[in-house]
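Since every read-out is calculated from the coordinates, none of them should be taken as a lab result. Here the structure is a predicted model, which means the values were calculated and not measured. Using ideal geometry, Cβ is built from the backbone for each residue, glycine included, and neighbour counts are taken over all protein chains shown.
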There are 2 protein chains.
Amino acid sequence: MSDDILKQFDPVFYPKSIAVVGASADAMKAGSYWVQTLVSAGYRGPIYPVGSRGGSIAGLEIYRNIRDIPGEVDYVIVAIPSRSVLDLLDDCAAKSVRAVQFFTAGFSELDTESGRSLEERMVEKARWGGFRIIGPNCIGVYCPEHRVSFLMGAIGEPGCVGFVSQSGGIAGKLATNGMARGIGYSKGVSCGNGIDLDASDFLEYLAADPQTRVIGAYLEGTRDGRRLFNTMREVSSVKPLVVWKGGRTEVGARAARSHTGSLASSPSVWSAVLKQAGAVEVHGLDELTDTLLLFQHAEHWQGARVGVIGGLADGGGGISVSAGDACTEIGLEVPPLSDQTDRALRELLGEVGSILGNPVDVSQAQFRGFPALFQAIETVAGDASIDFVLIQQDVDILLPMYSRAGLETINDFFIELRGRLGKPLVMVLPPGPVEQERLRLEQKLLAASIPVLSSVERAARAIFNVNTYFRRREIEAGQRDAA
Amino acid sequence: MSDDILKQFDPVFYPKSIAVVGASADAMKAGSYWVQTLVSAGYRGPIYPVGSRGGSIAGLEIYRNIRDIPGEVDYVIVAIPSRSVLDLLDDCAAKSVRAVQFFTAGFSELDTESGRSLEERMVEKARWGGFRIIGPNCIGVYCPEHRVSFLMGAIGEPGCVGFVSQSGGIAGKLATNGMARGIGYSKGVSCGNGIDLDASDFLEYLAADPQTRVIGAYLEGTRDGRRLFNTMREVSSVKPLVVWKGGRTEVGARAARSHTGSLASSPSVWSAVLKQAGAVEVHGLDELTDTLLLFQHAEHWQGARVGVIGGLADGGGGISVSAGDACTEIGLEVPPLSDQTDRALRELLGEVGSILGNPVDVSQAQFRGFPALFQAIETVAGDASIDFVLIQQDVDILLPMYSRAGLETINDFFIELRGRLGKPLVMVLPPGPVEQERLRLEQKLLAASIPVLSSVERAARAIFNVNTYFRRREIEAGQRDAA
C-alpha cells in the first residue's frame, strides 16, 4: 500500500522530463516564466517548452505541440487560457504523460456553471488518459532533492519537512521562509482547486514518504470533509501534522471562494476537527514556519518544562520577566530550579543585579568573564527539572560589547553545549539594527541544529505547539497500553 | 506648570555636562563602558570620568573624586557598588549636581531590609542636596537630539516618540528597534527601581514635552497605583499612551520582584486599569514596537475600515485570504468595495485568477503591465469606503521577477500614492531569503512615511491598537460635546 502510493507519485515529485505548455520567445509570458524557473532551479532532466508560435526560450527549442516532443514526457506544466485545456489534455493522453499541473486559473473558483463543468470534463479526460492532475489554479511542486521548483532563482536544501498548500502564494512563502530560516523540505506542493489530486491525496503521500518526518499544511476548504478528517487522523498518528486553516472569518472565506472555490465551515468546527484528528492548529504563516522549524529539531522531546535564560548583555531583567510571562501565559511550565542549582548560581552570579529563579538573568556574569557565564548557563540547562532551554541573546548589544570574536566564543559554547545536552535548546535572536550579523549568527546556530526564533512570544507559542503534539501522542500510547 | 516640569527635567534630558563615577583605565569596567558609550554617541558637552585610581580612559583624565572636577556637573552616572553610594551622594551635593543616575544595582530588588533602608537614605540625601535620582538599577537616559545614549555605538535619529521603561534591557531594545524600524525618539528613559523619579514622573514629563507626540511604556509595577492611574489618564487624554505590562503571570512577577522590586497585581486588574485610563495595552516587545511605529505615522486617522491588497507577485490568493482572516479576527472591518470600484477592477484585472472583492488580489495585473497594476491599486485605495490601505508585497518573488529596477518602480508608485492619498498606507514586507533587499526597501518606504510590518497578523494587531485609541478619544469628545 505504502509502496503503491510512493510509486504513484513518482512522476509528480521525481519527473524524468517536464514539458511547459504556454511558453514563447517573450520572456514575460507565464509559460516562459516556468521554463526559466526550472532552468534556474537546476532541474537536470530535459525541459521541453511548448507554444503555438515556436521559436526558443532560455536556449531551448519551443515545440508547437506536445505531440511533437521527441522524448517521453512525465510531467506537464500548463500556462495557457482555460478555454484551450481540453484539447491539450487529448494531446497529453496521446503523448502518454503521467501528470499535468495547471498554473492556468479560471475554473470553479469563478463560481460559474461553466467553470465547474470544465473541471469535471478535465477529470474525465485524466481518467481515460491515465494521468493525474495537479490544480488547476496552482503553482505545483517543490522538491529540492530533485531540483524541481516553483520559485525563480535559488532552491533550498533538502530536508525532512513536507508541505501541502491550497494557496500558491503561501506555498512560495513556505519555500522561501525555509531557505531563510533553515527549514529543509523533502517536498511541497501547491494543489489549488484540487480537482483530481487534492490535499488529502498529498497528505497521504507525505505520511508514507520516508524522507518526510514533519508535515505542514495550508488549507482553505475541502469537498470531502470526512475523507480529509480520516486522512489527517492517519497522518497525525505517524508524523506531526501542523495545519493553518485560511478563510476562518467571513471576509477570509469570501476571498477563499474566489481563490480556490472552497466552501467554508465555521472556524470553531475546523478547530474541533483538527484537534480530534490530532493535528496541531496554527493561525498564520509565522506560527506555521516557527512550529515546523521546531518540529524539525525536536527529535528528543521529553516535556515542556522550560528553563529560561536571559541577560546575554541585554540587561536581562525585563527580558527574563517577559519570557516568564510569554511561556506561562501560553501554558508552558517554568519551574523553580533545584536547591543545588540555586546555590551554584548564587555563587557564580552573586545576588546583586541578578535574577536567580527561573527565568535566570545571567547578565552579572558578563562582568565575571566567560567561564562564569558559561558555567551559569550550563548549570541551568543541566538542571533535571528542565526539559528544554530557551535562551535569548541580543546581537545589537553583544557585538559592540564583545566584538565579533566574543560573539563567536559565546555561540561556539552554545553549539558545543547543544551537542552535550541531550535536550532541545531554542535560541531567541530579536531583530535590530545589525541584521547582517544577526542573520549570520542565525545561520551558524541553525547549522548546529539550534532553532532560532525572533521573539520569546513566538518561541513560547511554537514550543507549546510541539509539546501539544507529543503529549497527545503520549496519552494515546498510554490508552493503547491500558486497553 | 507645564513649563515648570520641562525646566525641572532639563538637566536629565539635556545635561550640559556629565560625570561618570566608577570609571577606570580598565575598559571592561562598567564605569568605563559608560564613558565609551557617551563618546560613541557623540555627546557634545564635557564628559568627566571619576574613579579612585585615576589614570585616563578614552583620552579623558579620570578624576579621583567628583569634587575635583574643575567645571560644573549637571548629570552623574554612577557605576560603583551600592555600599559606597551614600558618600558619593554627599560629594554630589557638595558639587551642586542636578541629577544622579544609578546603574548600580543591589537595593530593594534584593528584598532585604538593608536594601530598602539604603534607598530611603539616598532619597533623603537627594532632597537635602537639591538633586534628583534616576534609578537605581537602570541604564538611564536616551535623547538622540542631545546625543545622550545608553547604547554603545550608533544613536538613532530624533523623532516624536517618547518611552519610559522599568527595564534597561527593554529600553535598549526599544532604542535599537527604533533605529532598525524607523521609529524616531524624542527621549526615552530606563527608570529601574524609581525611588525618586519614577514612571509617573517621566510620563508626566513626556505628556508636557512638545517634542513628544506618542508615548510607549514598559511597566512592571508601582508603589503608588492611584497616582500612576491618574497620570496615565492625564497622559492618554492628550497623547497616545501604549503600555506593555511585564510580570503579568506568577512566573513573570517572581522575576519582576528580583528585577525592580515591583509588587505585582493580577493581570486582569492591570488590563482593567489600563483600559479605564485610556491607555492601549500591548503584550510584548514586537507589538509595542509595531504600535508605536503606526502611531508615529497616523496623523490623519479616520477609522478602521481596511482595504487589503495582496498579490504583488506572490500569487496573492492565500495572502488575501489570510489578511482577511487576520483583520477580521482582531475586529477590523474589511468592507465590500463600491460597485464602481468593482466594475473598474473587473476591467483592469479580468475575472480569471483574481479576487475582486476586498481583499483584492491584483496578481493578474502583473501580466498586464505596470499601468494596469497601479490603476487597480489606486482604485482600491481611493474607494470612499476605505479608511486606510494594507498592502503586502513579497520581495523574494518580486525581485527575480522584475529585477531591482521593477521593484523600485513599484515602490516609487506607492510613495507617490501615499503623498496623494490623504489616508494611511501600511506595508507588509514578510522576511525571506533576500533580507538585504527587503531591508533596503523597508528603509526607503519608512523615509516616505509608510510604516512597514513583517506580517499581516502583526499589521492587523497594530492597526487595531491605534484605532482603539482614536475611537475612545472620539467617544470621549462626543460625551464632552453632549454634556
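Key figures
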item	result
Nearest-first distances (nm) between copies at B:GLY419, label 7 Å from Cα via Cβ	5.7
Set of aspartates and glutamates near B:LYS125 by C-alpha distance (under 12 Å), chain-local residues within fewer than 8 positions excluded	B:ASP87, B:ASP90, B:ASP91, B:ASP196
Diffusion constant of the range A:2-134 at 4 °C, which comes from Stokes-Einstein with the Kirkwood Cα-pair radius and 1.567 mPa s, µm²/s	86 µm²/s
Inter-copy separations for B:GLY130, label at 7 Å along Cα-Cβ, nm, ascending	10.2
Shape metrics for the range A:1-72, restricted to C-alpha atoms - Rg then Dmax, Å	13.7, 45
Rg/Rg_ref, the protein assembly as shown, where Rg_ref = 2.2 N^0.38 Å and atoms are Cα	1.00
Chain B, rotation onto A, residue closest to that axis via Cβ, with its distance in Å	B:GLU435, 3
Other copies of A:PRO210: label-to-label distances in nm, shortest first, labels 7 Å along the beta-carbon direction	7.6
Rounded FRET efficiency, nearest 0.05, which uses the C-beta distance separating A:LYS275 from B:SER266 and R0 of 30 Å	0.55
Computed [θ] at 222 nm, deg cm²/dmol, the protein assembly as shown (DSSP H ≥ 4; -39,500 (n - 2.57); rounded to nearest 500)	-15000 deg cm²/dmol
Calculated FRET efficiency for the pair A:ALA25/A:ASP224, C-beta based, R₀ 51 Å, to 0.05	0.75
Inverse of mean 1/r across different Cα pairs in the range A:140-296, Kirkwood, Å	15.2 Å
Proximal aspartates and glutamates to A:LYS16, defined as alpha-carbon separation beneath 16 angstrom and excluding residues fewer than eight positions away on the same chain	A:GLU72, A:ASP74, A:GLU145
Cα convex hull of chain A - mean projected area over all directions, nm²	25.2 nm²
Likely footprinting exposure, A:VAL321, B:VAL456, fewest C-beta neighbours within 10 Å first	B:VAL456, A:VAL321
Kyte-Doolittle at least -1.0, axis length at least 27 Å by Cα - qualifying DSSP helices, chain B	B:395-421, B:456-482
Within the range A:2-134, percent of DSSP bridges classed antiparallel, to nearest 5	10 percent
Rounded if a/c under 1.5, otherwise prolate or oblate - the range B:306-470, Cα gyration tensor axes	rounded
Cα shape, the range B:71-152, gyration tensor, a/c 1.5 rule	oblate
